[in-house]
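We did not get these values from a lab; they are worked out from the coordinates using the rules stated. Quick caveat: nothing in here was measured; it's all calculated off a predicted structure. Cβ: placed from backbone, ideal geometry, glycine included. Neighbour counts: every protein chain shown.
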Amino acid sequence: KKWDAETGIELLTLEGHEGRVWCVRTSVDGQVICSGGADKTVRLWNGATGVPSQIMRGHDDKVYAVALNVDASLVYSGSDDSS
């Protein structure tokens, strides 16, 4: 979910992961949200609308860490599969 930190109002619900979501990061400008979860996927979302834009598969276990470079052109992920 995306929340307004000042008011506590929910702004977006990002739906798509199967199971738990373990990590979330945003791009510097907030236009991209990146998440990783128990379903072994890394997902990208539009930061304004919550619409999914990419699903990356390739891990053999849960994804516990994600990161984006400054312009969100690269995604990094870490998993329980030791990669």
Distance in nm between MET56 and GLU10 label points, each 7 Å along Cα→Cβ, equals 2.8 nm
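Can you tell me what percent of all Cα-Cα pairs in the chain are more than 15 Å apart? Let's see the in-between values first.
On the way: 1851 of 3403 pairs.
The share of Cα pairs beyond 15 Å in the chain comes to 54 percent.
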